[in-house]
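A.B. asks: First the structure, which I've put down as structure tokens, then a few questions once you've had a look.
The values are calculated or read from the model by the stated rules, or taken from the named source; none is laboratory data. This structure is a prediction, so every number in the text was calculated from the model and none was measured. When we count neighbours, we look across all protein chains shown, and the Cβ atoms used for this are built from the backbone with ideal geometry, even at glycine. Please note that ligands, DNA and RNA were not included when accessible areas were found on the heavy atoms of the full protein model with its side chains. Shrake-Rupley method; radii C 1.70, N 1.55, O 1.52, S 1.80 Å.
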Amino acid sequence: MVGSVENEKIQALPEDFVTTTVDDEVEKKREISLGRNVHTTCHEVSEPDDDDDSTGDREAFMASVLARYRKSLIERTKHHLGYPYNLDFDYGVLGQLQHFSINNLGDPFIESNYGVHSRQFEVGVLDWFARLWELEKNEYWGYITNCGTEGNLHGILVGREVFPDGILYASKDSHYSVFKAARMYRMECVKVNTLVSGEIDCDDFKAKLLCHKDKPAILNVNIGTTVKGAVDDLDLVIQKLEEAGFTHDRFYIHCDGALFGLMMPFVKRAPKVTFKKPIGSVSVSGHKFVGCPMPCGVQITRLKHINCLSSNVEYLASRDATIMGSRNGHAPIFLWYTLNRKGYGGFQKEVQKCLKNAHYLKDRLREAGIGAMLNELSSTVVFERPQEEEFVGKWQLACQGNIAHVIVMPNITIEKLGDFLSELLQHRAKWFQDGKLQAPCIASDVGTENCLCASHK
């Protein structure tokens, strides 16, 4: 049966892509502000003049453009708080490999006729993650993806191939790529309510399962939601499936662990994400907590599920069950290098540092009278949305409705958080100085116990 994403309307972007500014005193509901049209600032590509080689003018011009761009990157990196990227890395030793076009096209476990690849690094990285999630070498299949979204697209695709008539269940706080997958694969999709923490509401999940008992269930479980960093209770999810009458051969679970999938294993007393439980796949991003400088990810699934996707490709002299085909062969080397340098002990130290600094930020915000929430197992601090889009843009905060968040990554120091807090408090004093504006109520987003508006102080 062909279905659609529940209650979701797809609207085309306006042709001019202009930023929308909304006055909260006039508009009851904040509209989405789109970024500026990049065509106004793009670097034009032009044809070389006949004498460029002799004068060197073009080389000098391009060098100046790149120098200015590098300067802007340094400045932007200093004020980066809202997105889950670890910017603390040094891969200078790998610069010697940038002269090669490394492509891991096809199946990572079967060499193709294209010899400039890094499969030996890729499989080493995959083995490391399979051990982390407790799946034996002869029982797993996986590959290094081009991004976290591709991991979700692949995991849900495997679930759809295992259960062609299955229904996709995902909480409303799931990453947008999950609902993109539903549209791409024309899957019937049921959105499940969430708790105020952002965690899936398992009672609502069970109720919706009972409405569709005749069809298998394909479920996306969040190991850290995008906005609030909430971790779905995997054990309770499995329990609700069983209570609703779904045996293990009638459901498929994909775990979206984009950021926290690699942090949770190093948090004491955190519930385990493991293939010893009846899950079908796990994906994480490599450019987030690991700190790879190019977007990439890791997708691991059970080997028994992959045959339905895999096919022989004579042109490659290999097999392929990936989404993209050609894949960045440099990414596995960067991941291999970091995993070897840091190891389990290094990641554990970085996780503890992130959690400690996240608690520091949350406590400081609340001491200043700013409503804030920090989920257990999370380094995502949610707080009231700043009133100025310029301030939001400077610190690159991610916002949704009346809330914003800071994701504390290994490169976010106490000193940087202190600078952010100092500037936020200075601006906030101006925003609310005349009493015309009041701090927004965020109780519906973070709970009354975490809201410090006039009604909930």
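A.B. asks: Spit out the partnerless Cys residues in the chain, using Cβ distances under 4.7 Å as the pairing rule.
C.D. replies: Cys with no partner Cβ under 4.7 Å: CYS42, CYS147, CYS189, CYS202, CYS211, CYS255, CYS292, CYS296, CYS308, CYS354, CYS399, CYS451.
A.B. asks: Would you mind counting up the charge near GLU139? Only other residues with Cβ under 15 Å from its Cβ, with Lys and Arg at +1 and Asp and Glu at -1.
C.D. replies: +3
A.B. asks: Follow-up. Among the lysines, which have Cα under 16 Å from the Cα of LYS416 when same-chain residues fewer than 8 positions away are ignored?
C.D. replies: Hits, sequence-local ones excluded: LYS78, LYS353, LYS356, LYS362, LYS394.
A.B. asks: Which of the peptides 419-426, 65-72 is most tightly packed, and how do the rest follow, going by the mean number of other Cβ atoms within 10 Å of each residue?
C.D. replies: So the peptides 419-426, 65-72, ranked by packing, come out 419-426, 65-72.
A.B. asks: Sticking with this structure for a sec: What are the residues whose amide H is under 5 Å from the amide H of ILE253, where those residues sit 5 or more places off or on another chain and H is modelled from the backbone?
C.D. replies: Here the answer is LEU219, GLY280, SER281, since their amide H atoms fall under 5 Å of that of ILE253.
A.B. asks: Give me, ordered by chain and number, the residues 5 or more places off ASP233 or on other chains with an amide H under 5 Å from its own placed amide H.
C.D. replies: Amide H neighbours of ASP233: ILE200.
A.B. asks: Here's something else I'd like to know. What's the carbon and sulfur percent of the chain's accessible surface, probe 1.4 angstrom, rounded to a whole number?
C.D. replies: Whole-percent figure for carbon plus sulfur exposure: 51.
A.B. asks: Run the reach check for LYS137 against lysines, Cα to Cα strictly under 16 Å, same-chain hits fewer than 8 apart removed. What comes back?
C.D. replies: LYS276, LYS304
A.B. asks: Then there is this: Stokes-Einstein D for segment 95-342 at 25 °C, 0.890 mPa s, Kirkwood Rh over Cα pairs, in µm²/s?
C.D. replies: 134 µm²/s
A.B. asks: To the nearest 10 square angstrom, what accessible area does LYS436 show with a 1.4 Å probe?
C.D. replies: Accessible surface of LYS436 is approximately 150 Å².
A.B. asks: Just to be sure I understand the model, the point goes 7 Å from the Cα along the line to the Cβ. What's the resulting HIS427 to LYS268 distance in nm?
C.D. replies: Going by the 7 Å Cα→Cβ label model, 3.7 nm.
A.B. asks: Then there's this: Show me the ranking of peptides 259-269, 295-305 by mean Cβ neighbours inside 10 Å, starting with the highest.
C.D. replies: Descending packing order for the listed peptides: 295-305, 259-269.
A.B. asks: Enumerate the calculated ³J(HN,Hα) couplings along segment 157-165 in order (Karplus 6.51 cos²θ - 1.76 cosθ + 1.60, θ = phi - 60°), each rounded to whole Hz, writing x wherever the residue is Gly or Pro.
C.D. replies: Result, ordered by residue: 5, 4, x, 5, 6, 5, 10, x, 9 Hz.
A.B. asks: Under unit Cβ charges (Lys, Arg +1; Asp, Glu -1), what dipole magnitude, rounded to 20 debye, does the chain have relative to its Cα centre?
C.D. replies: Using only the charged Cβ atoms, the result is roughly 1600 debye.
A.B. asks: Just the accessible area per residue of the chain, please: how many Å² with a 1.4 Å probe?
C.D. replies: Per residue, the chain has an accessible area of 50 Å².
A.B. asks: Something else: Between beta-carbons, use under 13 Å as the cut-off and find the net charge around ILE333, counting Lys and Arg +1, Asp and Glu -1.
C.D. replies: Surrounding charge for ILE333 is +2.
A.B. asks: Shifting gears a bit: Return the tail of the calculated pair distribution for the chain, meaning the percent of Cα-Cα pairs more than 43 Å apart.
C.D. replies: 18 percent
A.B. asks: What order do you get for 176-186, 322-332 when each peptide is scored by the mean count of other beta carbon atoms within 10 Å, highest first?
C.D. replies: Answer by packing, highest mean first, reads 322-332, 176-186.
A.B. asks: Still on this structure, I have one more. Note the direction-averaged projected area, equal to a quarter of the hull surface, for the Cα convex hull of segment 344-450, in nm².
C.D. replies: Its Cα hull, projected and averaged over all orientations, spans 7.0 nm².
A.B. asks: Could I ask something else about it? So in segment 213-299, what percent of DSSP beta bridges are antiparallel if you round to the nearest 5?
C.D. replies: Roughly 30 percent of the beta bridges in segment 213-299 run antiparallel, per DSSP.
A.B. asks: Can I ask one more? Using the C-alpha atoms of segment 278-319, what convex hull volume per residue, in cubic angstrom, is computed?
C.D. replies: 101 Å³
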